[in-house]
Every structure is written in structure tokens, then in C-alpha cells.
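The values are calculated or read from the model by the stated rules, or taken from the named source; none is laboratory data. It should be emphasised that the depicted structure is a prediction, and the values quoted were computed from it without experimental measurement. As a convention, Cβ positions derive from the backbone with ideal geometry for all residues, glycine included, and neighbour counts pool all protein chains shown. Please note that ligands, DNA and RNA were not included when accessible areas were found on the heavy atoms of the full protein model with its side chains. Shrake-Rupley method; radii C 1.70, N 1.55, O 1.52, S 1.80 Å.
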Amino acid sequence: MGLRVNKEDESMGMTMTQKILAAHAGLESVEAGQLIEADLDLVLGNDITSPVAIHEMDGKMKDSSVFDKDKIALVMDHFVPNKDIKSAEHCKCVREFAARHEITNFFDVGEMGIEHALLPERGLVVAGDVVIGADSHTCTYGALGAFSTGVGSTDMAAGMATGKAWFKVPSAIQIELTGKLQKWVSGKDVILHIIGMIGVDGALYQSMEFTGEGVAELSMDDRFTIANMAIEAGGKNGIFPVDEKAKAYMKEHSMRPFRVYEADEDASYARVIRLDLSSIRPTVAFPHLPENTRSIDETGKIDIDQVVIGSCTNGRMEDLRVAAKILEGRKVKKGVRVIVIPATQKIYLQAMEEGLLKTFIESGAIVSTPTCGPCLGGYMGVLAEGERCVSTTNRNFVGRMGHVASEIYLASPAVAAASAVTGRISGPEELGM
């Protein structure tokens, strides 16, 4: 880990995030701490947060029309298919709003997926965009070189109405990556390792900007996972440079033009962290904070009751392939419940065509329709008192997945799948892999 003190130079260059914000604010330059109003390329809401925003618009704004029906995305993913009457009423509210305003990108049962996997897949976010979403993990899209961040429902309402949002320009932490990942180590292990280093407030209201030759060693799915959990270090956003992998992803998924922004050589960083990817081992975050990390070699023998493989963090194709590779020809330990959740319909279908769903079911796991469900203790895997779960989700706070006396251990799909077989926290190496 390295530390660099800022130069006191008013002509200092800008970070990647600052350049994107300056362009969207119509300014030549911005600096950390500056308040700006920026144009938005996309405003996102889900079935929990959108109703609050809709009520704000309908109740407090004279003109409750939307600024652009093509630049709003409403994704029914948290409690859908509706788990109870209250969730049904929430979704009805959003469905009626979407119909009333002819929202182009409204995703309901049959089309929906977990929002932060669905939007990049549908090509709704590209490099250089400014995106706000009434969900804290909106920072996921930094993997594509966009500035994206979570906001409250009131800010979402203002964004839907005006197409603009106020920001305080964040300072930045540069995270310089070198080396290559070891076998069975993924982007989830990288971000858990970083959060373990700096803590859950280590990047508070800062941009986590990933640089260095090690970036090229990370797949797009790795990058989505890392950017997704920037908020778990307190970050305003996480962002990656737009390299050939990112360009190839966008060309495959989107018809929209994108714009590449690069940090200036003399950009100011509050801190520089240097990290050799080859030094990272499979990592597990123990209860009850994502910063409470240990390598797989230090976890000890902790029996578990449930495994969840999915979420906006780890429900993509690479995640399912890794889990299936470990579960193939093996059985889930008697007494352990394993829930696999493909993040989108497209991923679900591809996993079916590749035979992954068959592997999961034959091993003793179940496969759910895309949903956030268990991640927030909603449904499809709520924990009882004293139960322990190894989960590929992003938060392990007290009561996050159910009873306040339950425990969540955050891990990669590889560790989750291996743990499902042994019935305790384990890495694939324990299975001779």
C-alpha cells in the first residue's frame, strides 16, 4: 500500500470521475468538494424505491411528467414475483406509473432481471455516462467506465422530472493493480481483500479508481463485482478504465455511442493503494461487516446451514460456471440448503443451454427465477435464529438475511459452492481441485 500527498496546484489535472462530471455539468474543469448540477443519462429505480419517488413526484411537483421516457429504467427485482400483498401494491404503483408515462425501459416478470446485471446486458449504460439509481449498488456500472452512484428516492424523483442531479465532486483513491489472479480467485476476492484493508469507511464519499496493468487480467464480470461493492468501502463510486474488454462488451450489448475519459497524468488522488493480484487468496467476510475479512486459510471449520449463489454481485455467467464446475458430480452436504439465482433471464437461459441448471439440480441445489430476494432478507432464503449462510451477496450486516441472530459469510461463487459440498466454509482446494 502506498500513500501520496496531494499537490496544492489549482491547475492540477482531473481524475476519470471528475472529467465525466465536468462534461455533464458543462464545465471545463471541476475539483474535489465542488458542488455541481449535472445532466443525467439514466435514472434507475426498483420495486422498493420507485414507489417513494413516484409519490414524491405526484404529491409535491406541479409538473409530474418525466424528462425523457427513454432515460428512465424501472426494474421490478427485489420482491418479484410478488411475495405478498404489500409488494404487489408497490409493483402495481410502478406498473401504472410506467404505463402512464410510457416508460420505455420498464422490466417486469418475464423480462426483468436483477437491475445491476440487467442494465449493462441491455446496453442501457455505456462509458462516459452519468447514472443515478435509487439503489446503493448502482455504482456497478463503473466497470464500463461510467460514473454511477446510488441516491435516495427523493433525488430519484427530481432526476426523473428534470434529468439533472446535484453532486459534490468526490476526491479519489487510486487503486493500482498488478499481477495475475491465482486459480479460484476472482473479482469478489479482490474487492473483499480491499475492503478488509481499508475498512467500510475507507473510501467514504470518494471515487475508487482502478488502474494498472492488472486491470487487463480481470474479466468484465470481475469488474462488475468489484465496482458493485465500492459502496461497501463507503465509496461514492468505483470506476475502471475503458480498455479493449470494456469496448468489446459495449459493442456486443449496446448500439449507443460511448465516450472514453482518461485521468490526467497529474490528477490528484487522496491516496494510492498498490495491490498485487497474485498475492490474494480466496477471501471470506465474517459477520457482521464486509471489512471483517479472512483468507480461506484462516477461516477454521465453521458449519453452515445455507448457501446463496447469485445477486447483483455474483449472479452472472462466470459465477454460475465456476459454481457448476465445483458442484458437477458432487452432492450438496445433507442438511445444507443451496439456492442458485441467475441474475437475468438471458443468463438463466444460457445456463440452461450449457447444462448448468441440470448440474445444480442434480447436486441438490435449487434454481430460482432472477430476484434480489434473499440478499436483503426478503424471500427465497430467509434465515432463522442461529443459522449461518455462505453468500455471494454484498452485505452481511446484523439481520440482513433474516433473524438478527443469524450469520452471513460473504464469499465468491467458488468458495460458496465448495462450502455447499463440505457443509462448512471451505475452498475448492479442500475438494482436491
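The set of residues in the stretch 230-258 being charged (D, E, K, R) and either open to solvent by less than 20 Å² (accessible area, probe 1.4 Å) or touching a strand residue (DSSP E or B) at 6+ places or on another chain (Cβ under 7 Å) (or both) consists of Glu232, Lys236. Ser207 fulfils the conditions (1) assigned to a helix (DSSP H, G or I); (2) crowded, with 16+ Cβ neighbours inside 10 Å; (3) in contact (Cβ under 8 Å) with a residue 60 or more places away in the chain except for a single criterion, (1). Inspect the stretch 260-280 for any residue being modelled with pLDDT of 95 or more, over 23 Å from Thr15 (Cβ atoms), hydroxyl-bearing (Ser, Thr, Tyr) and in a strand (DSSP E or B) and give the result as yes or no. Among the residues of the stretch 260-280, not one is modelled with pLDDT of 95 or more, over 23 Å from Thr15 (Cβ atoms), hydroxyl-bearing (Ser, Thr, Tyr) and in a strand (DSSP E or B), which makes the answer no. Among the residues making up the stretch 280-297, those that are out of contact with any Gly (no Cβ under 7 Å at 6 or more places or on another chain) and open to solvent by 40 Å² or more (accessible area, probe 1.4 Å) are Arg281, His288, Leu289, Asn292, Arg294, Asp297.
Within the stretch 63-77, being open to solvent by less than 30 Å² (accessible area, probe 1.4 Å) and among the charged types (D, E, K, R) holds for one residue alone: Asp77.
For every residue, the table says whether it meets (1) crowded, with 19+ Cβ neighbours inside 10 Å; (2) among the basic types (Lys, Arg); (3) more than 20 Å from Asn394 (Cα to Cα); (4) modelled with pLDDT of 95 or more.
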| residue | (1), (2), (3), (4) |
| --- | --- |
| Ala99 | no, no, yes, yes |
| Val109 | no, no, yes, no |
| Ile114 | yes, no, no, yes |
| Arg122 | no, yes, yes, yes |
| Ala127 | yes, no, yes, yes |
| Leu144 | yes, no, no, yes |
| Gly150 | yes, no, no, yes |
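Within the stretch 389-421, the set of residues being in contact with a strand residue (DSSP E or B) (Cβ under 7 Å, 6 or more places away or on another chain), of a type in the set (Gly, Ala, Ser) and surrounded by fewer than 22 Cβ atoms within 10 Å (Cβ to Cβ) comprises Gly402 only. Restricting attention to the stretch 357-387, the residues being in contact with an Asp or Glu (Cβ under 9 Å, 6 or more places away or on another chain), hydrophobic (A, V, I, L, M, F, W, C) and closer than 23 Å to Gly110 by Cα number 1.
Taking every residue in the stretch 249-275 that is within 14 Å of Gln18 (Cα to Cα) and pairing it with any residue that is open to solvent by 40 Å² or more (accessible area, probe 1.4 Å) and of a type in the set (Lys, Arg), at least 6 positions away or on another chain, the pairs with Cβ-Cβ distances below 6 Å are Tyr261/Lys19.
Of the residues in the stretch 230-239, at least one is within 14 Å of Ala146 (Cα to Cα), in contact (Cβ under 8 Å) with a residue 40 or more places away in the chain and part of a helix (DSSP H, G or I).
Which one of Gly123, Gly113, Gly128 is closer than 23 Å to Ala248 by Cβ, in contact with a His (Cβ under 6 Å, 6 or more places away or on another chain) and assigned to a loop (DSSP other than H, G, I, E, B)?
The unique qualifying residue is Gly123.
If you go through the stretch 310-329 and keep only what is open to solvent by less than 50 Å² (accessible area, probe 1.4 Å) and farther than 15 Å from Gly187 by Cβ, you end up with Gly310, Ala324, Ile326, Leu327. Taking the criterion of being touching a Leu at 6+ places or on another chain (Cβ under 6 Å) and polar (S, T, N, Q), would at least one residue in the stretch 313-324 satisfy it? No. A single entry from Tyr269, Tyr261 fulfils the requirement of being buried (at least 18 other Cβ atoms within 10 Å of the Cβ), over 21 Å from the mean Cα position of the chain (by Cα) and under 13 Å from Gly142 (Cα atoms): Tyr261. Just a yes or no: is a residue in the stretch 422-432 among the β-branched types (Val, Ile, Thr) and either surrounded by fewer than 24 Cβ atoms within 10 Å (Cβ to Cβ) or in contact with a strand residue (DSSP E or B) (Cβ under 8 Å, 6 or more places away or on another chain) (or both)? Yes: the stretch 422-432 contains one or more residues that are among the β-branched types (Val, Ile, Thr) and either surrounded by fewer than 24 Cβ atoms within 10 Å (Cβ to Cβ) or in contact with a strand residue (DSSP E or B) (Cβ under 8 Å, 6 or more places away or on another chain) (or both).
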